[in-house]
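Below is one structure; the comments refer to it alone.
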Amino acid sequence: MFRNLPPFCKSLIVALVTSAVLSLVVPALAVAALPLYSQLVIRGFQLWRLITYPFFVVASMQGLIGAIFSLAWKAVIVSMFGGELETIVHTKRLTIALAITIVVGGVIFSFLSPDGVLAGPSIITMFLLGAFSYLWPKREISVFGFFWVKAWMIALAVFILSVIPMSGTRMDASAENLFAPVFGALGSIVLFHVMYRQYRFGKAFLDHVEDMLMRRPVRRTSPTKGVVLNDPKATEARIDAILDKIASTGMQSLSKEEREFLLKNSG
């Protein structure tokens, strides 16, 4: 499965595994270098922490089995949901969207919680689940081959488990625990709505803003065949139709021409 993943998802899994190994071998270095300490970002200008904090994975010899299962679970989410997402929306677009979410989330957290600490890959996993569920909410996912669950239900279940994890009988409802999964999910929904506008909410306004900013060319018709050229709205409408088809019947239902059209116009 790993060998068939697109490059960005491979890189995410490698980064998480590398962080876990670093945390296991040199825990002091991992703790000192990777998490986002708000004071060090604001006052110490250690800006790299705005990028590294999602890749801090805790691993220790005492809790090695639990760390392995946790890492495996995150790798499954990246491969199952992120792999198909990257294939459809294009590696560059997914990379930029996730990078924006991570950096902006880190900046906002630093100012909202000046004494706080933010770390862990929940912002990545919830970003991928949120984006996948936004594009294909009705897609049914096989769970262990026994039953099928819609994508939005899986995303909601993982979100709840991420937001209110249990420590014995005590729930962790701290800002540090809540922020990453909430911002990851919201960031993905907002960014992918701006990109694809699959739903009507705010679509006309976003179309108008994009037309003004990009100064799109006027629709031109061919003098011989009357075919509309350079029509981004027609392209967008076809992308939406293909995404609806994927949501209903899966990737395997697309024709070769539809796949090529989607990849060509998603870059």
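So is residue 120 out of contact with any Cys (no Cβ under 8 Å at 6 or more places or on another chain), farther than 21 Å from residue 239 by Cβ and surrounded by 13 or more Cβ atoms within 10 Å (Cβ to Cβ) or not?
Answer is yes for this residue.
Which residue out of 77, 108, 68 is in contact with a helix residue (DSSP H, G or I) (Cβ under 9 Å, 6 or more places away or on another chain) and under 14 Å from residue 131 (Cβ atoms)?
Just one listed residue meets the conditions, 77.
Free of Cβ contacts under 8 Å to residues at least 12 places away in the same chain, of a type in the set (Lys, Arg) and either under 18 Å from residue 118 (Cα atoms) or surrounded by fewer than 18 Cβ atoms within 10 Å (Cβ to Cβ) (or both): is that true of residue 49 in this structure?
no
Against the conditions (1) surrounded by fewer than 22 Cβ atoms within 10 Å (Cβ to Cβ); (2) within 19 Å of residue 34 (Cβ to Cβ); (3) out of contact with any Leu (no Cβ under 8 Å at 6 or more places or on another chain), where does residue 107 fall short? Just the number, please.
Failed condition: (3).
So that you can scan it fast, the table gives a plain yes or no per residue for (1) of a type in the set (Ser, Thr, Tyr); (2) touching a Leu at 6+ places or on another chain (Cβ under 8 Å); (3) surrounded by fewer than 13 Cβ atoms within 10 Å (Cβ to Cβ); (4) part of a loop (DSSP other than H, G, I, E, B):
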{"residue": "14", "(1), (2), (3), (4)": "no, no, yes, no"}
{"residue": "17", "(1), (2), (3), (4)": "no, yes, no, no"}
{"residue": "22", "(1), (2), (3), (4)": "no, yes, no, no"}
{"residue": "30", "(1), (2), (3), (4)": "no, yes, no, no"}
{"residue": "40", "(1), (2), (3), (4)": "no, no, no, no"}
{"residue": "44", "(1), (2), (3), (4)": "no, no, yes, yes"}
{"residue": "53", "(1), (2), (3), (4)": "yes, yes, no, no"}
{"residue": "59", "(1), (2), (3), (4)": "no, yes, no, yes"}
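Pairs needed: first member in the range 196-209, of a type in the set (A, V, I, L, M); second member anywhere, modelled with pLDDT of 80 or more and open to solvent by less than 40 Å² (accessible area, probe 1.4 Å); C-beta distance under 7 Å; at least 6 residues apart or different chains.
So the pair list comes out as 206/197.
Take residue 100 and decide whether it is under 30 Å from residue 195 (Cα atoms), of a type in the set (Val, Ile, Thr) and touching a residue at least 24 places away in the same chain (Cβ under 8 Å).
When the stated conditions are applied, residue 100 passes them.
The values are calculated or read from the model by the stated rules, or taken from the named source; none is laboratory data. Note that the coordinates shown come from a computational prediction; the quantities given were computed from them, not determined experimentally. Quick reminder, even Gly has a Cβ in these numbers, built from the backbone with ideal geometry, and neighbours come from all protein chains shown. We work out accessible area using only protein heavy atoms, side chains counted, and drop any ligands, DNA or RNA first. Shrake-Rupley method; radii C 1.70, N 1.55, O 1.52, S 1.80 Å.
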